[in-house]
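Student: Pasting in a structure now, in structure tokens, and then I'll have a few things to ask.
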Amino acid sequence: MTPISWMHAFVDVPGEDVGKAHAFWSDVLGWPLGDPWPGHPEFASFVPTDGAPYAHVQRIDGPPRIHLDLVGELDRDTARLEGLGATRGYRGAAWQVMASPAGLPFCVCQEAWPHERPTALAWPDGHRSRLVQLTVDVPADRYDRELEFWRAATGWTDEDVDTPEFHRLVHRQASPLQLLVQRLGPDDGAQHGRAHLDLGTDDVDAEVERVRSLGARLLWPGNGFVALRDPLGLPFCVTANDPSR
């Protein structure tokens, strides 16, 4: 199998919160919001100064969430992922909605244009950051199966992580996002998989201060990361991941 070479991240929000999501994440990423997608006004992308867009907002009927898209060959990869344990949902013009074994929504999409990873942005104080990771948060009793699924689904390389509840999968040649699978603790209470976004930076303290000035709320510090919430209540993290990786 040829590894999946590109992954998109979507912030899904109800209609009344679309403007808030557009403004906050545009400021956080440092990328202006593009025009609505032709024929699909529910989608809009953040447009980097170089490279291809990979972060987007989608208007949905329901509570806010994060989902991911895998770029591949639509019919072939849909069938392959179903064989790995995913379930099918709605079929769009160039995408197939699916859910992972732990219930995380994602899509397979067909794209014909080339992709180039954007570079990290430097902020006025000199530190740099970029959206570098999507984390799949999984209930403990479903973790092993979910990790097995995403390893096979992407074909990406395992990378060592010091903390035992995390496992990272990477595609260093192309994808702008790496994938982290996290085992949730027993007190979390989650019944299904969910996802959150992670920024990578060369100065965690400076980046936390920056995103808090934009409206993020502090949750807690971790080992090499700080957890926050965006104005819609979605958790995300500032991490010490190299923003240029």
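Student: Only residues that are touching a residue at least 40 places away in the same chain (Cβ under 8 Å) and under 15 Å from the mean Cα position of the chain (by Cα): list them for the stretch 199-237, please.
Tutor: LEU199, GLY200, ASP230, LEU234, PHE236, CYS237
Student: From LEU184, LEU218, grab the single residue that is assigned by TED's automatic domain parsing to the domain that holds GLY155 and in contact with a Leu (Cβ under 8 Å, 6 or more places away or on another chain).
Tutor: That would be LEU218, the only listed residue that is assigned by TED's automatic domain parsing to the domain that holds GLY155 and in contact with a Leu (Cβ under 8 Å, 6 or more places away or on another chain).
Let's see how each residue does on (1) over 29 Å from GLY83 (Cβ atoms); (2) crowded, with 17+ Cβ neighbours inside 10 Å; (3) out of contact with any Asp or Glu (no Cβ under 9 Å at 6 or more places or on another chain):
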position: PRO3; (1), (2), (3): no, no, yes
position: ALA9; (1), (2), (3): no, yes, no
position: GLY15; (1), (2), (3): yes, no, no
position: LYS20; (1), (2), (3): yes, no, no
position: PRO32; (1), (2), (3): yes, no, yes
position: PRO36; (1), (2), (3): yes, no, no
position: ALA44; (1), (2), (3): yes, yes, no
position: GLN58; (1), (2), (3): no, yes, no
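Student: Residues that are within 19 Å of the chain's Cα centre (by Cα): which strands (runs of 3 or more DSSP E) entirely in the stretch 1-106 hold 3 or more of them?
Tutor: Those strands (runs of 3 or more DSSP E) span 7-14, 43-45, 55-60, 65-71, 95-99.
Student: Sort through TRP95, TRP25, TRP37, TRP6 and tell me the only one that's of a type in the set (Phe, Trp, Tyr) and over 21 Å from ALA195 (Cα atoms).
Tutor: Matching residue, one of TRP95, TRP25, TRP37, TRP6: TRP37.
Student: Could you please find all residues in the stretch 46-55 being touching a residue at least 24 places away in the same chain (Cβ under 8 Å) and either within 17 Å of PRO235 (Cα to Cα) or buried (at least 18 other Cβ atoms within 10 Å of the Cβ) (or both)?
Tutor: Scanning the stretch 46-55 gives PRO48, TYR54, ALA55.
Student: Still on this structure: Is it true that some residue in the stretch 139-153 is of a type in the set (Ser, Thr, Tyr) and surrounded by fewer than 16 Cβ atoms within 10 Å (Cβ to Cβ)?
Tutor: No, the stretch 139-153 has no match at all.
The values are calculated or read from the model by the stated rules, or taken from the named source; none is laboratory data. Every value quoted in this text rests on a predicted model; they were computed, and no experiment measured them. When we count neighbours, we look across all protein chains shown, and the Cβ atoms used for this are built from the backbone with ideal geometry, even at glycine.
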